[in-house]
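The values are calculated or read from the model by the stated rules, or taken from the named source; none is laboratory data. None of the values given here were measured: they were computed from a predicted structure. Cβ coordinates were reconstructed from backbone atoms using ideal geometry, including for glycine residues, and neighbour counts include every protein chain displayed. With ligands, DNA and RNA removed, areas are computed over all heavy atoms of the protein, side chains included. Shrake-Rupley method; radii C 1.70, N 1.55, O 1.52, S 1.80 Å.
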Amino acid sequence: MAQTRRDFLRCTAAAACTLAVPGVALAQGSIEELTANVARQQLLPSIYPATEIWGYAGTVPAPEIRVRQGDRVKRRFRNALPQPSSVHWHGIRIENAMDGVSGLTQDAVVPGESFDYDFAAPDAGTYWYHAHNRSYEQVARGLRGALIVEEPTGPDIDREEVLLLEDWLLDPDSGQHFADFDQPMMMSHGGRIGNFVTTNGRHDLTIPTRKNERIRLRIINASGARVFLLSLSGLAGWTVALDGMPLANPKKVDDDLILGPAQRMDLIVDVTADEGSVAQLLRIGDDDQQVPQVSFPVDGRASVATRGAPVPLEPNPNSAMPELAEARDLRLVMAGGAMGRMQSALLGGERLGFRQLASAGKFWSLNDVAEMTTNPLADLSLNEPVRLKIENQTVFPHAMHLHGMHFRELRVGGALGPMRDTILIGGNETREIAFVADNPGKWLFHCHMLSHAASGMTTWVRVT
Ligand code: C2O
Ligand code: CU
């Protein structure tokens, strides 16, 4: 019987593998290395010299990490950088000790030392990993990569592409990083926004496609401060997940797409452009012009017609709605920045005026405090439902990120939005989020405009 023969072949192949490659058995006990080091890479067009970057495995983008849902990610992080560092696995519902936050969940790994990360990936989706010590410098220098957790049965697609969006602030003469990572002008304004944008380390990323091909795009905003405004040309599709979490109903892309720092978006798109033309993922550039972020030249046909709307991705475990009636009410007031109304804030227990704060490198406050505090914003008990109202009293947008748990936005009228781990809040806007404190530990809550996080916009919650 065909069935038996196939099973037989499968068994023999597996057995042969184990017997023929003793290395497999050895590899199980060992742990893969992830070394961060200084390297040079050609980011800019070839009229420029290679740029000095800091990269995991010395590359930009960092090596993609890909596991199946429920599997463990194990990496021995080795620090070959000139600064202490740690690795944060952004968006993973992780064990607290593995969260990689220097100064909160672990000590920063000093140059020459290593740290073993070993954690389960309980939710399928698009995540990323990045440095979490002096991240406004280390992420900007290149320490960022994709972390993909695959569904047991993925969607019906022809292929997928991971698109890590990066930006760089490089000296136009030398092609090297400007070294002033804590420049006050940037810290007090929109953050360190680059002058050069890449996808997967390339400024001209080109991915050949075929007409009617169905592609899953896993788009990750890995920039330190840039809000990406994207649109599709010659591609038609649906948003199927945000920040790794599947949408209950795929949403047709009929407008520009906004992706704040650290946010992710999974699209399922069909190539509708004609053969011989070029489909594009476009970005609204700094001068309001549309510029190609990724080009998809169309050659040949994948099928005679496009498929219909995709079915939703399987929901992840823990996607229950928080019980709002029983929720604890919390409030977070964000203040400061240039053109803001912040007169003073607490630093080291002392009330300082805006100028004094500025000379100490602090420009922002959360609930009147301009630094990470010893006491958390809230002490929560395990599985407690929480509502958190966030009032942005600054004129800048901020991308607020909660570690270890996902939240939903509580919309006007009481509806709960999709699960996310980062919310982009516009200048002078008030938004409310709700979540279940279902992961014990110390979890950071901070702005992912990374220079804002370093200059006052970081707090944390404790779940016990
Ligand atoms: Cu993506 Cu606290 O980080
Ligand atoms: Cu911010």
Discussion item. Let's see if you can work this out: charge +1 on each Lys and Arg Cβ, -1 on each Asp and Glu Cβ, no other charges. What is the dipole magnitude of the stretch 324-463 about its Cα centre, in debye to the nearest 20?
Written reply: 240 debye
Worksheet item: Cα centroids of the stretch 90-157 and the stretch 178-228: how far apart, whole angstrom?
Response: 19 Å
Discussion item. How much length would be gained if the chain were fully extended between V291 and S359, taking 0.36 nm per residue of separation minus their Cα-Cα distance, in nm to one decimal?
Written reply: 20.6 nm
Fill in: Computed over the chain: relative contact order in percent, which uses C-alpha pairs under 8 Å that are six or more apart
13 percent
Worksheet entry | Packing-based order for 221-230, 446-455, using average beta carbon neighbours within 10 Å, highest first | 446-455, 221-230
Worksheet item: Tell me, what is the per residue accessible area of the chain in Å², probe radius 1.4 Å?
Response: 42 Å²
Worksheet item: How do the peptides 343-351, 196-204 rank, highest first, by the average count of neighbouring beta carbon atoms within 10 Å per residue?
Response: 196-204, 343-351
Fill in: Taking all pairs of distinct alpha-carbon atoms in the chain, Kirkwood radius in angstrom
23.4 Å
Worksheet item: T153 versus D299, label points 7 Å from Cα toward the beta carbon: distance in nm?
Response: 3.5 nm
Response to the item:
Cα extents of the stretch 139-183 per principal axis, largest first, Å, are 47, 19, 12
Worksheet entry | Cα gyration tensor of the stretch 167-301 - equivalent ellipsoid semi-axes, whole Å, descending | 30, 19, 11
Discussion item. Computing the accessible area with a 1.4 Å probe over protein heavy atoms, can you report the carbon and sulfur percentage for the stretch 173-308?
Written reply: 50 percent
Discussion item. Helix-only mean residue ellipticity at 222 nm, the chain, DSSP H runs n ≥ 4 weighted -39,500 (n - 2.57), per residue, nearest 500. What is it?
Written reply: -2500 deg cm²/dmol
Worksheet item: Of K251/K389; K74/K252; K389/K442; K211/K251; K74/K442, which ones are farther than 29 Å apart at the Cα?
Response: K74/K252
Discussion item. Taking only the Cα atoms of the stretch 254-376, how large is their convex hull per residue, in Å³?
Written reply: 237 Å³
Response to the item:
Rh (Kirkwood, all Cα-Cα pairs) for the stretch 324-463, Å, reads 15.2 Å
Worksheet item: In degrees from 0 to 90, rounded to the nearest 10, what is the angle of the helix 2-20 Cα long axis to the longest principal axis of the chain?
Response: 60 degrees
Item to complete: Enter the accessible area of L382 (Å², nearest 10), with the probe set to 1.4 Å and all protein chains included.
Response: 80 Å²
Item to complete: Using per-residue counts of other Cβ atoms within 10 Å, averaged over each peptide, order 103-112, 74-83 from highest down.
Response: 74-83, 103-112
Item to complete: Using 0.36 nm per residue of separation minus the Cα-Cα distance, give me the extension gain between N367 and T35 in nm, one decimal.
Response: 115.7 nm
Fill in: V278 versus D182: modelled label distance in nm, points set 7 Å from Cα along the beta carbon direction
4.3 nm
Fill in: Residue (of I65, V38, A453) at the positive-pole extreme of the chain, dipole from beta-carbon charges
I65
Worksheet item: So if R0 is 30 Å, what FRET efficiency would L257 and V395 give, r being the distance between their Cβ atoms, rounded to the nearest 0.05?
Response: 0.80
Practice prompt. Determine how many Å³ per residue the convex hull of the Cα atoms of the stretch 174-246 encloses.
Written response: 136 Å³
Response to the item:
So, relative contact order of the stretch 324-463 in percent, Cα under 8 Å, 6 or more apart, is 30 percent
